[in-house]
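What follows is a single structure, written as structure tokens, with notes after it.
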Amino acid sequence: MRVATATALVAAGCTTGARTMEQALAYQRWRHCDTFATITLQRIDLDGRVIVTGRETEQGRFLECMAAEAREQQRSKPDLVVPPPVVHPLPR
């Protein structure tokens, strides 16, 4: 019984850190665009959607950066569907 429980826990632990291909590519986009002081990563969804919080003053430039990175990735992966990032505004 202990061996079965330990095996199940190890197997579950191995899958919790796994990323989908979409998440891995989204993380690459995020790393290239993580240059804005007020933009903070909240999460990356399984479909590759990047969810951030940030100030409106940097939102436009951040979205432009993410769009440029998505276009770059789509050059080598033409079938790649990149969901647009979501920016939740920070309270004033």
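The values are calculated or read from the model by the stated rules, or taken from the named source; none is laboratory data. Keep in mind that what you see is a predicted model, and the values were worked out from it rather than measured. Don't worry about glycine lacking a Cβ; one is built from the backbone with ideal geometry, like all the others, and counts go over all protein chains shown.
The table below lists the values:
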item: Residue match in the range 33-54 (condition: modelled with pLDDT of 95 or more and in a helix (DSSP H, G or I)); result: yes
item: Condition broken by THR57, with the remaining ones in (1) touching a Lys or Arg at 6+ places or on another chain (Cβ under 9 Å); (2) more than 26 Å from ARG75 (Cβ to Cβ); (3) β-branched (Val, Ile, Thr) satisfied; result: (1)
item: Counted residues, the range 68-92 - those being part of a helix (DSSP H, G or I) and acidic (Asp, Glu); result: 2
item: Number of the exception - CYS65 against (1) surrounded by fewer than 17 Cβ atoms within 10 Å (Cβ to Cβ); (2) in a helix (DSSP H, G or I); (3) touching a helix residue (DSSP H, G or I) at 6+ places or on another chain (Cβ under 7 Å); (4) not charged (D, E, K, R); result: (1)
item: Any hit, the range 37-53, residues being on the phi < 0 side of the Ramachandran plot, in contact (Cβ under 8 Å) with a residue 40 or more places away in the chain, out of contact with any Cys (no Cβ under 9 Å at 6 or more places or on another chain) and surrounded by 18 or more Cβ atoms within 10 Å (Cβ to Cβ); result: no
